[in-house]
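The values are calculated or read from the model by the stated rules, or taken from the named source; none is laboratory data. Everything numeric in this text was worked out from a predicted model, so none of it was measured. All Cβ positions, even for glycine, are placed from backbone atoms using ideal geometry, and neighbour counts span all protein chains on display. Side chains are part of the model used for accessible areas, which takes the heavy atoms of the whole protein and leaves out ligands, DNA and RNA. Shrake-Rupley method; radii C 1.70, N 1.55, O 1.52, S 1.80 Å.
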Amino acid sequence: MKNWQDILRASITSPADLNEHFNIDITSLSKVAAAFPMRINPYYLQLIEKTGDPLWKQAVPDAAELLDPVCMEDPLGEEELSPVPNLVHKYPDRVLFLVSSQCAMYCRFCTRKRKVGTGKMSITPETIEAGLDYIRHHPQVREVLLSGGDPLLLPDSQIEYLLRELRRIPSVKVIRIGTRVPCTLPMRITPELVAMLKKYHPLYINTHFNHPAEITPESSAACGLLADGGIPMGCQTVLLKGVNDTPEIMRQLLLQLLEIRVKPYYLFQTDLTYGTNHFRTSTATGIKIMRSLIGHISGMAVPTFALDGPGGKGKIPLTPDYILTRGDNLVFENYRGEICTYPESGDGI
Ligand code: SF4
């Protein structure tokens, strides 16, 4: 099998190249790819079965990206919340540290599509040092989330440099890596990478699968390698119209994630990112899906459905409402719609 770098180098980066495999409107999609970069590596490409299927929608530019009437470039206000370039300090005790501008695939729904994979995202030795320095001088930061782009597209030596430097900071207790490569380029998860990562525990990885067709022998093996390295794995799924916005698809995805040792962590309502409006469902769709899951499948497979507040307001859980009335008795429905009553204790109200 080719190594991951060779697979990545063989990626399709223009609609004209895609036309060898599928019949598409090259002119219109080329305009989209000029605005928002395209990269589909050969591994992910062979998972796409036909035009318009759920994997196609995630990977292939769509004319709707340039016709977005609602959304904005930076809906989470990340640039405003960056005390130094490429580091977002939104919550008091944790920071988001962007350490790579590249991804194994450029997802069409990406929250950071304003800059990921483009010259607008400049990650240099200077920005890395400025980020590390900021963390060193802010001891309230106990958790660092390495993201990008995809941190695992960096060479092992650069990832190790970052982990080693972070581990030298006594106030940093937990390191998290956000990466989509277990799903989009699972060959990147090599035994050598895992052997290096496991030196820096407590280390967590949050990966990102959106559809059951992304769970393959290759992605299962990648997640297994990471889990065998003692790395707890979570999944941050995005609710995407036409991809996973039905109870049945979501149920299959979540249950299969548990089988490959990945704990569903978040299900995100799509952010208001310019160029992604065509992926947005109503929040009611997500709440209905959550209602179809809670109680019906293992609680371990049920993520938190959340909306990231526009303007950097933080994550807000969106939960189905089971409560009918409050008072001396709490009256609520259970997952089967049966009415239940729980007498309140009388304190604390
Ligand atoms: S892998 Fe993540 S950061 Fe990269 S394009 Fe996809 S969603 Fe965006």
*Quick one: grab the alpha carbon gyration tensor of segment 264-349, order the square roots of its eigenvalues as a ≥ b ≥ c, and give me rounded if a/c is under 1.5, else prolate or oblate depending on whether a/b is larger than b/c.*
prolate
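Hey, any idea what % of the chain's accessible area is carbon plus sulfur with a 1.4 Å probe? List each step's numbers first, then the result.
Details: 8550 of 15610 Å².
Ligands and nucleic acids excluded, carbon and sulfur give 55 percent.
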*Which pairs in the list 57/115; 31/241; 90/115; 2/241 are over 27 Å apart, alpha-carbon to alpha-carbon?*
2/241
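Direction-averaged shadow area of the convex hull around the Cα atoms of the chain, nm²?
So the Cα hull casts an average projection of 19.3 nm².
For segment 189-300, what class follows from the C-alpha gyration tensor (a ≥ b ≥ c being the square roots of its eigenvalues): rounded when a/c is under 1.5, otherwise prolate if a/b is larger than b/c, else oblate?
Numbers: a/c = 2.23, a/b = 1.75, b/c = 1.28.
Cα axes put segment 189-300 in the prolate bin.
Per residue and in Å³, how big is the convex hull formed by the alpha-carbon atoms of segment 22-89?
Details: hull volume 9.3 nm³, N = 68.
Value for segment 22-89: 136 Å³ per residue.
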*Accessible area per residue of the chain at 1.4 Å probe, in Å²?*
45
*If we sort 295-307, 226-238 on the protection proxy, mean other Cβ atoms within 10 Å, highest first, what's the order?*
226-238, 295-307
_Histogram of C-alpha separations across segment 116-232, 5 Å bin width, %_ = 2, 11, 21, 23, 19, 14, 8, 3, 1
*Mean residue ellipticity (222 nm) of the chain, computed from DSSP H runs ≥ 4 via -39,500 (n - 2.57), nearest 500*: -8000 deg cm²/dmol
